[in-house]
1. Could you list, in sequence order, all residues of region 102-113 that are open to solvent by 20 Å² or more (accessible area, probe 1.4 Å), within 14 Å of the chain's Cα centre (by Cα) and among the polar types (S, T, N, Q)?
2. Mind listing just one residue for me: the one in region 159-186 that is among the small types (Gly, Ala, Ser) and part of a helix (DSSP H, G or I) and, of those, nearest to Leu120 (Cα to Cα)?
3. Exactly one condition in (1) touching a helix residue (DSSP H, G or I) at 6+ places or on another chain (Cβ under 6 Å); (2) in a loop (DSSP other than H, G, I, E, B); (3) touching a residue at least 24 places away in the same chain (Cβ under 8 Å) is false for Val14; which is it?
4. What's the number of the condition Leu49 fails, among (1) in contact (Cβ under 8 Å) with a residue 60 or more places away in the chain; (2) surrounded by fewer than 20 Cβ atoms within 10 Å (Cβ to Cβ); (3) of a type in the set (A, V, I, L, M)?
5. Which one of the conditions (1) assigned to a loop (DSSP other than H, G, I, E, B); (2) modelled with pLDDT under 75 does Gly7 fail to meet, given that it meets all the rest?
6. Within region 52-104, can you find the residues that are modelled with pLDDT under 85 and β-branched (Val, Ile, Thr)?
7. Quick one: Cys163 ticks every box in (1) open to solvent by 20 Å² or more (accessible area, probe 1.4 Å); (2) at pLDDT below 80 except a single one, so which number is it?
8. Taking Leu112 as meeting all but one of (1) at pLDDT 85 or above; (2) within 27 Å of Lys40 (Cβ to Cβ), write down the number of the exception.
Amino acid sequence: TAFRESGVAHLMAVSGLHLSVWMFFLGGAIPDTGRFGKLKYFLLIFATLFIMLLSGVSESVKRAGFMSLVHLFGGIIGRKSDGLNSLGFAVFVMILYNPACVLSISLQLSFLSTLSILTLARLYMKGSRGFFGGTQINSPVRKVCRLCLDSFCISIAVLIFTCPVLISSFGGISTTSAWTNMALIPVTTPLLVLTGVYVLLAPVSFLSYPVGLIVNALANYVIAVARFFSSFQLGSYKYQGLS
C-alpha cells in the first residue's frame, strides 16, 4: 500500500526496469573479447532471453527485451541502434504477434514511460545542466546531486506521459511520486544487483553475509522512504470524473 500510494509500485513489479538494470550490469561485467568481440553480444542475447523467460514474459518485460535484442543485434552487424526506433520495432513485433496486447495496462505504461524517457526527460535533463555550471561534474557530491536531479526529471516526464492511463485505469495519481522516485531510483538499482549477487553467494555464508547486510540496509531505506511519502495527506489525487 505504501509503495502504491507513494507512486513507486513499479519498483516492486517485475518489469522492463529490472531487465534493463541487469543487462546494463552484465554488459559492464562481461569483458570485451578482442577479435571475438561479437561473442559478448551473443552472450548478452542469451542472457536477455533467459531473463525474459525467468520473469514470466510480461508485456513490459517483452518490450524491454525486444529493445535489448534490437540493440544487441545492431552490435553484431556493426550498426548503432536508436532508442525510438528500437521502441517502435519492439511494440510493432508485439502487436503483430498479439494485437490484443495494446489493451494491456502494463504495456501502455511501459511504452509511455520509455517514450517519455527518450523524449521529454532528455530535454529536462539537458536543461537542468545549468544548475551545475556546465556539463563537467567532478566532485562526488555533484555526481550524486546530478543523479538525483536526473531521477527527478525522468519521474516528472514519466508522470506527464502516463497520467491519462493512471487516471483512467486507477482513478488517480500520486502527487509525491516524483520526489519518491528521486529518492529511491539511485538506490534500487544497486539493491537489485546486490540482491542477485547475494542469491548467487548464498551457499557460501562468509561471502554472502556482508552482502546481505548491505542489501538489508538498502531494503529498509527503500521501505522507510515509501512509507514516509505515503503518509502525506495530499499524497494522491483522485479523479472523480463527470456525472
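1. First pass over region 102-113, keeping only residues open to solvent by 20 Å² or more (accessible area, probe 1.4 Å): 102-106, 108-109, 111-113.
Narrowing further to those that are within 14 Å of the chain's Cα centre (by Cα): 106, 109, 111-113.
Scanning region 102-113 gives Ser106, Ser113.
2. Ala178
3. (1)
4. Here Leu49 clears every test but (1).
5. (2)
6. Within region 52-104, Val57, Val61, Ile76, Ile77 qualify.
7. (2)
8. Among (1) at pLDDT 85 or above; (2) within 27 Å of Lys40 (Cβ to Cβ), the lone unmet condition for Leu112 is (2).
The values are calculated or read from the model by the stated rules, or taken from the named source; none is laboratory data. Since the structure is predicted, the reported quantities are computational estimates derived from the model, not experimental observations. Methodologically, a virtual Cβ is constructed for each residue, glycine included, from the backbone with ideal geometry; neighbour enumeration extends over all protein chains shown. Ligands, DNA and RNA are stripped out before the accessible areas are found, and what is left, the full protein with its side chains, is counted by its heavy atoms. Shrake-Rupley method; radii C 1.70, N 1.55, O 1.52, S 1.80 Å.
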